[in-house]
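Asker: Take a look at this one; I'll ask things after.
The values are calculated or read from the model by the stated rules, or taken from the named source; none is laboratory data. This one's a predicted model, so the numbers in the text were calculated from it and none came from an experiment. A quick note on method: Cβ atoms are made from the backbone with ideal geometry, for glycine too, and the neighbour counts reach across all protein chains shown.
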Amino acid sequence: MLRIITLLTVLTLGASQACAAGLGGKFSPLEAMHQTPYGSLFFIEDTANDFDIRRGAIFVLIQGDGNLRLPTQSQGYCFAFNHYTITDRSKLSKTYRARIRKTLANGKIKSENFSAEFIPTPIITSPAVPNLCINGVSGVTLIQIEFNSEAGPAFSRTIAFSLVE
Amino acid sequence: MSASSAQPASPQASIARPGTRLRKEFFVSTFVIVLTVLVGTVCIFALASTLTQSRILSLSFDGVPASIWKLDSVRQDWSALRKQIADQTEALKAANSANLMLEDRGTKAAQGLNWAKEQLKDTLYEVSASLSGIDNDLSDFLSGSADYGAKVARLKASNARLRNGQASLAGVLDQFDKISGAYAIAKTEYDEYDAESKGLNQKITSLASGIKSIQDSIDVVFSKITKNVDAPTRARIENALYELNPTSTWFSKAISWFVILQPDVLSLILVVLMGVLGSSMQILHSLFRGDGIQSFGDYVLRLSVGAITALVIFIVAKAGVPIIADASRLNGDAPINPYFVSFVAIISGLMSEQAIVTVQNQGQRFFANGTSEPDRWARQDLNPDLAAQNLDVPTLARYLTISNEAAEAILKGSQRATSEQQKIVAIYLRKSVRDLFSDLPQR
């Protein structure tokens, strides 16, 4: 009996760990971000719009899938993928998609689909990173994002984060 | 009558003779000059080849002197491999050049496809929005994450049904047909480029690895000469092989033909050619001195004599017979100095008469009694010495196998004693040959 309880405890803890995403190291500038593995997902600190993503932006690595604790940013949140590669020289654009589910304070859920085309870059300083910026977060308590792309399974990620008013 | 009829013929003959002689002189002089130039040219090849061969043979690998035939065998393999490398490098250059040109095509094809894809994406969203409420399942599929190929295929499959059912969809479906057609063309263009590029890249990889593999094979070929093929050894071997390897020019081919001859044969060829050159010099000198033109056959004979004399002098000198001042330079296994050998051969041809006399003298001395020691006379009357030791003439005569009178004459110094006789007399009198005999007869 004790053995079963111990096993269940371990499994429950393991599962909760697997469902929790976390923030990792910070990378700046773009060259440093491009040194991370292909398909790495980042949260861009203090940035709410894609035109604000500059060379000196601070990219915070998102490890794993699941719930995430992000600093409060009233204007919005931006995420980016590392698509730097020297092996894919096709110059063909890849479609990056995201399904965004916003849970409002009244409990309603608002879904949005996003897609954009980006060409994997062999240029380490390229600022054209696949990114997703979410605005209009006022009155939103939870945001869930499902990423996927034809660039490969590394880009299939699911994260969620709560917004504290 | 006969005398008077012969008279008029004489002036005609005297007029015709100088013309014929001049023609003969001209042809013979031309022949001699052309021959000398030709012989000189061939001598240049032979001397240059001998020098090259000497230089190559002075190399040693792991303490073992190089062999010209072994090097030539390696050279043939090395040359074939180098040709393969040259061919593959040329092919690699062509492939890289083609790849560069293809790159431009690829960029254009990718741009076209990216643009068509963007258009298709927008159109599919438009169709998806139009289908909302009409065919929600298809609408969701078109806005979902399926790939464009699947979306286009499904929409095409439903095209006729949608057109029949909903006339309002005609505009957006027409747009889809147009854009999907453009996308298909762009995709085909890109796929063609991609296939070509992959084939070309595969070829480039294969050529590059082929070149690397051939370079490794060269090391294997070099290991026939030495097991330690380090960088300096490799450079030395390659230098030697480059000297052996003929280029496409006839000069290089001729030199190469000479260089790979067996070293002793090349030395003898050099000697004979230099002998002919010496004779040619002698003939030209006599022509310029105005000694007169001889017959064609005489010149050919002189050249032959020069060649044979040079060969004989070389053989005699190599045999160790002292016919030249510094015999050690040609003795036995002394390394061949091509310039010295050429000099000896040239003077042998140039002074062939003297050379023949020198060899004859050496031969006479050699064949006279099987030794080079000359006959000598007793320095003084040796009879008192004989008496002082209680020895007698008949016993000595018996040892010398000559008569008593002849033995008496040798002791008195009135008759020459051969080398053997000198030794027997010296032993009999217990003295040295040097003390008893002299090269000069007594007065």
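Asker: So, of the residues in segment B:141-159 that are part of a helix (DSSP H, G or I) and within 10 Å of chain A (Cβ to nearest Cβ), which turns out to be surrounded by the fewest Cβ atoms within 10 Å (Cβ to Cβ)?
Answerer: The residue in question is B:Tyr148.
Asker: Sticking with this one: Among the residues of segment A:1-45, what is the count of those that are at pLDDT 80 or above, part of a loop (DSSP other than H, G, I, E, B) and not charged (D, E, K, R)?
Answerer: Residues of segment A:1-45 that are at pLDDT 80 or above, as a first pass: A:21-45.
Restricting the remaining residues to those that are part of a loop (DSSP other than H, G, I, E, B) gives A:21, A:28-29, A:35-40, A:45.
Restricting the remaining residues to those that are not charged (D, E, K, R) gives A:21, A:28-29, A:35-40.
Residues that pass the stated criteria total 9.
Asker: List every residue pair whose Cβ atoms lie under 6 Å apart, where the two residues are 6 or more positions apart in sequence or sit on different chains, the first residue falls within segment B:253-265 and is under 15 Å from B:Ser73 (Cβ atoms), and the second residue, located anywhere, is of a type in the set (D, E, K, R) and in a helix (DSSP H, G or I).
Answerer: Final answer for the pair search is B:Ile260/B:Asp72.
Asker: List every residue pair whose Cβ atoms lie under 6 Å apart, where the two residues are 6 or more positions apart in sequence or sit on different chains, the first residue falls within segment B:170-181 and is part of a helix (DSSP H, G or I), and the second residue, located anywhere, is β-branched (Val, Ile, Thr).
Answerer: Close Cβ pairs (under 6 Å, with a partner that is β-branched (Val, Ile, Thr)) amount to B:Val172/B:Val127; B:Gln175/B:Thr123; B:Phe176/B:Thr123; B:Phe176/B:Val127; B:Ile179/B:Thr123; B:Ser180/B:Val152.
Asker: If you don't mind, another one. Regarding B:Ala110, is this residue within 30 Å of B:Leu155 (Cα to Cα), within 14 Å of chain A (Cβ to nearest Cβ), in contact with a Ser or Thr (Cβ under 7 Å, 6 or more places away or on another chain) and surrounded by 15 or more Cβ atoms within 10 Å (Cβ to Cβ)?
Answerer: yes
Asker: Of the residues that sit in segment A:154-165 and are within 23 Å of A:Phe27 (Cα to Cα) and either touching a residue at least 12 places away in the same chain (Cβ under 8 Å) or surrounded by fewer than 13 Cβ atoms within 10 Å (Cβ to Cβ) (or both), which one is nearest to the other protein chains (Cβ to nearest Cβ)?
Answerer: If we take residues in segment A:154-165 being within 23 Å of A:Phe27 (Cα to Cα) and either touching a residue at least 12 places away in the same chain (Cβ under 8 Å) or surrounded by fewer than 13 Cβ atoms within 10 Å (Cβ to Cβ) (or both), then A:Phe155 is nearest to the other protein chains (Cβ to nearest Cβ).
Asker: B:Ile237 fails exactly one of the following numbered conditions: (1) buried (at least 21 other Cβ atoms within 10 Å of the Cβ); (2) closer than 28 Å to B:Leu35 by Cβ. What is the number of that condition?
Answerer: Looking at each condition in turn, B:Ile237 falls short on (2).
Asker: Are any residues in segment B:119-140 among the aliphatic types (A, V, I, L, M), away from chain A (no Cβ under 12 Å) and in contact with a Leu (Cβ under 7 Å, 6 or more places away or on another chain), and if so, which ones? Reasoning before the result, please.
Answerer: Initially, segment B:119-140 is screened for residues among the aliphatic types (A, V, I, L, M), giving B:120, B:124, B:127, B:129, B:131, B:134, B:138.
Then drop every residue that is not away from chain A (no Cβ under 12 Å), which leaves B:127, B:131, B:134, B:138.
Within segment B:119-140, B:Val127, B:Leu131, B:Leu138 meet the criteria.
Results for (1) within 14 Å of chain A (Cβ to nearest Cβ); (2) exposed (fewer than 14 other Cβ atoms within 10 Å of the Cβ); (3) in contact with a strand residue (DSSP E or B) (Cβ under 6 Å, 6 or more places away or on another chain); (4) not hydrophobic (A, V, I, L, M, F, W, C), shown as yes or no for each residue.
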| position | (1), (2), (3), (4) |
| --- | --- |
| B:Ser60 | no, yes, no, yes |
| B:Ala66 | no, no, no, no |
| B:Trp69 | no, yes, no, no |
| B:Val74 | no, no, no, no |
| B:Lys83 | no, yes, no, yes |
| B:Ala94 | no, yes, no, no |
| B:Gly106 | yes, no, no, yes |
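Asker: Name the residues in segment B:402-415 that are under 17 Å from B:Asp439 (Cβ atoms) and crowded, with 17+ Cβ neighbours inside 10 Å, would you?
Answerer: Within segment B:402-415, B:Ile410, B:Gly413, B:Gln415 meet the criteria.
Asker: For segment B:53-61, does any single residue satisfy the condition of being in contact with a helix residue (DSSP H, G or I) (Cβ under 9 Å, 6 or more places away or on another chain) and farther than 14 Å from B:Pro263 by Cα?
Answerer: Taking segment B:53-61 first, the residues in contact with a helix residue (DSSP H, G or I) (Cβ under 9 Å, 6 or more places away or on another chain) are B:53-57, B:59, B:61.
Of the ones still in play, those that are also farther than 14 Å from B:Pro263 by Cα are B:59, B:61.
Yes, because at least one residue in segment B:53-61 is in contact with a helix residue (DSSP H, G or I) (Cβ under 9 Å, 6 or more places away or on another chain) and farther than 14 Å from B:Pro263 by Cα.
Asker: Please state which one of B:Ala195, B:Ala186 is under 23 Å from B:Asp104 (Cα atoms), over 37 Å from the mean Cα position of the chain (by Cα) and in contact (Cβ under 8 Å) with a residue 24 or more places away in the chain.
Answerer: Unique residue meeting the criteria: B:Ala186.
Asker: So A:Cys133 passes all but one of these: (1) more than 20 Å from A:Lys26 (Cα to Cα); (2) outside any loop (DSSP other than H, G, I, E, B). Which condition number does it fail?
Answerer: That leaves (1) as the condition not met.
Asker: Yes or no: segment A:93-106 includes at least one residue that is more than 21 Å from B:Tyr148 (Cβ to Cβ), more than 14 Å from the chain's Cα centre (by Cα), part of a loop (DSSP other than H, G, I, E, B) and more than 14 Å from chain B (Cβ to nearest Cβ).
Answerer: Yes, because at least one residue in segment A:93-106 is more than 21 Å from B:Tyr148 (Cβ to Cβ), more than 14 Å from the chain's Cα centre (by Cα), part of a loop (DSSP other than H, G, I, E, B) and more than 14 Å from chain B (Cβ to nearest Cβ).
Asker: Please work out if B:Glu373 is within 30 Å of B:Gly320 (Cα to Cα) and outside any helix (DSSP H, G or I).
Answerer: yes
Asker: Now a separate question. What's the number of the condition B:Ala116 fails, among (1) more than 14 Å from chain A (Cβ to nearest Cβ); (2) surrounded by 12 or more Cβ atoms within 10 Å (Cβ to Cβ); (3) out of contact with any Leu (no Cβ under 6 Å at 6 or more places or on another chain); (4) among the hydrophobic types (A, V, I, L, M, F, W, C)?
Answerer: Here B:Ala116 meets the rest and fails (1).
Asker: Turning to a different aspect of this structure: Looking at segment A:60-77, can you tell me whether even one residue there is more than 30 Å from B:Thr123 (Cβ to Cβ) and within 14 Å of another protein chain (Cβ to nearest Cβ)?
Answerer: Scanning segment A:60-77, I find no residue that is more than 30 Å from B:Thr123 (Cβ to Cβ) and within 14 Å of another protein chain (Cβ to nearest Cβ), so the answer is no.
Asker: Which ones in segment B:268-321 are over 28 Å from B:Leu51 (Cα atoms), buried (at least 18 other Cβ atoms within 10 Å of the Cβ) and of a type in the set (S, T, N, Q)?
Answerer: Correct list: empty.
Asker: For B:Met281, which of the numbered conditions (1) in contact with a helix residue (DSSP H, G or I) (Cβ under 9 Å, 6 or more places away or on another chain); (2) not assigned by TED's automatic domain parsing to the domain that holds B:Glu353 fails to hold?
Answerer: Only one criterion in (1) in contact with a helix residue (DSSP H, G or I) (Cβ under 9 Å, 6 or more places away or on another chain); (2) not assigned by TED's automatic domain parsing to the domain that holds B:Glu353 is unmet by B:Met281, namely (2).
Asker: Would you please name the residue that is nearest to the other protein chains (Cβ to nearest Cβ), looking only at residues in segment A:114-153 that are surrounded by fewer than 19 Cβ atoms within 10 Å (Cβ to Cβ), closer than 19 Å to A:Ala32 by Cβ and out of contact with any Asp or Glu (no Cβ under 9 Å at 6 or more places or on another chain)?
Answerer: My answer is A:Ala128.
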